[in-house]
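Engineer: One structure, as structure tokens, below. Some questions next.
The values are calculated or read from the model by the stated rules, or taken from the named source; none is laboratory data. This one's a predicted model, so the numbers in the text were calculated from it and none came from an experiment. So basically every Cβ, Gly included, is an ideal-geometry build from the backbone, and we count neighbours across all protein chains shown.
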């Protein structure tokens, strides 16, 4: 076997990053590794990555990891290696504040010679809750709905219908289709309570089940990236507006007795 293919991921990854880091150092540059959806990496693989980066830090080599993941990532990395929280920074990247959300819509439109009214901008900010991908969707659909400049509130109201329909058919539906029947009922119970976060006891009451019997389902939903725990005993959707989708796709109350 070669230097980085002896079959032991922890050793191989360390060797690979050390060699790459030494090459970067000799070239007076740096290696940056970007990993998205890092929360889906298996815990043993995550441990190998953390160990390799720890070795890099000890040797002061110019290798940096820029990872992105859902809020549970910090806890997962801590479980994989106890020193992870000392090795990495974990800045929270939440929704855009209102001013930044307005700018994200107004600036590209203005660059194309198109204006948007203040009330239309406010409606987009409210509907999207500052979630970057939703801002893109509402911006696209508002642009398509408008016949002329400025884009106004009527255009945004039309865009809201088409944007929600597009999200229901793709962004939300892809997540929904990965769920088991009980997981769907759990999320529907959360949606019945509102956007959240919700206490585990409140969710179990909606389902008429004991909290302890639903703990495995909650853990599975966290592992799938559908929900996260902002505090002990609390559960929240990982993306905004998902509660509305759950109420649309599972209407009525039959889910309570499913």
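Engineer: State the number of residues belonging to segment 184-216 that are touching a residue at least 24 places away in the same chain (Cβ under 8 Å) and under 16 Å from residue 72 (Cβ atoms).
Structural biologist: The total comes to 3.
Engineer: Shifting gears a bit: Of all residues in segment 23-49, which are over 28 Å from the mean Cα position of the chain (by Cα) and either without any contact (Cβ under 8 Å) to a residue 12 or more places away in the chain or farther than 15 Å from residue 64 by Cβ (or both)?
Structural biologist: 23, 26, 27, 28, listed by residue number.
Engineer: Given the criterion outside any helix (DSSP H, G or I), in contact (Cβ under 8 Å) with a residue 12 or more places away in the chain and out of contact with any helix residue (DSSP H, G or I) (no Cβ under 7 Å at 6 or more places or on another chain), identify the matching residue among 95, 108, 91.
Structural biologist: Numbers: 108 fails: outside any helix (DSSP H, G or I); 91 fails: in contact (Cβ under 8 Å) with a residue 12 or more places away in the chain.
Step by step, each of 95, 108, 91 is checked, and only 95 is outside any helix (DSSP H, G or I), in contact (Cβ under 8 Å) with a residue 12 or more places away in the chain and out of contact with any helix residue (DSSP H, G or I) (no Cβ under 7 Å at 6 or more places or on another chain).
Engineer: Quick one: is residue 34 part of a strand (DSSP E or B) and either under 27 Å from residue 235 (Cβ atoms) or touching a strand residue (DSSP E or B) at 6+ places or on another chain (Cβ under 9 Å) (or both)?
Structural biologist: Spelling it out, residue 34 is indeed part of a strand (DSSP E or B) and either under 27 Å from residue 235 (Cβ atoms) or touching a strand residue (DSSP E or B) at 6+ places or on another chain (Cβ under 9 Å) (or both).
Engineer: OK, next. Quick one: is residue 24 more than 25 Å from residue 226 (Cα to Cα), assigned to a helix (DSSP H, G or I) and at pLDDT 95 or above?
Structural biologist: Working: more than 25 Å from residue 226 (Cα to Cα): yes; assigned to a helix (DSSP H, G or I): yes; at pLDDT 95 or above: yes.
Yes: the conditions hold for residue 24.
Engineer: Which one of 172, 176, 134 is surrounded by 17 or more Cβ atoms within 10 Å (Cβ to Cβ), at pLDDT 95 or above and under 19 Å from residue 96 (Cα atoms)?
Structural biologist: On the way: 172 fails: under 19 Å from residue 96 (Cα atoms); 176 fails: under 19 Å from residue 96 (Cα atoms).
The conditions single out 134.
Engineer: Count, please, the residues in segment 222-258 that happen to be part of a helix (DSSP H, G or I) and either at pLDDT 95 or above or more than 23 Å from residue 95 (Cα to Cα) (or both).
Structural biologist: Final tally of qualifying residues: 12.
Engineer: Are any residues in segment 32-56 closer than 19 Å to residue 18 by Cβ and surrounded by fewer than 15 Cβ atoms within 10 Å (Cβ to Cβ), and if so, which ones?
Structural biologist: The answer is 32, 33, 35, 45.
Engineer: Looking at segment 140-161, can you tell me whether even one residue there is surrounded by fewer than 17 Cβ atoms within 10 Å (Cβ to Cβ) and either closer than 24 Å to residue 93 by Cβ or touching a strand residue (DSSP E or B) at 6+ places or on another chain (Cβ under 7 Å) (or both)?
Structural biologist: yes
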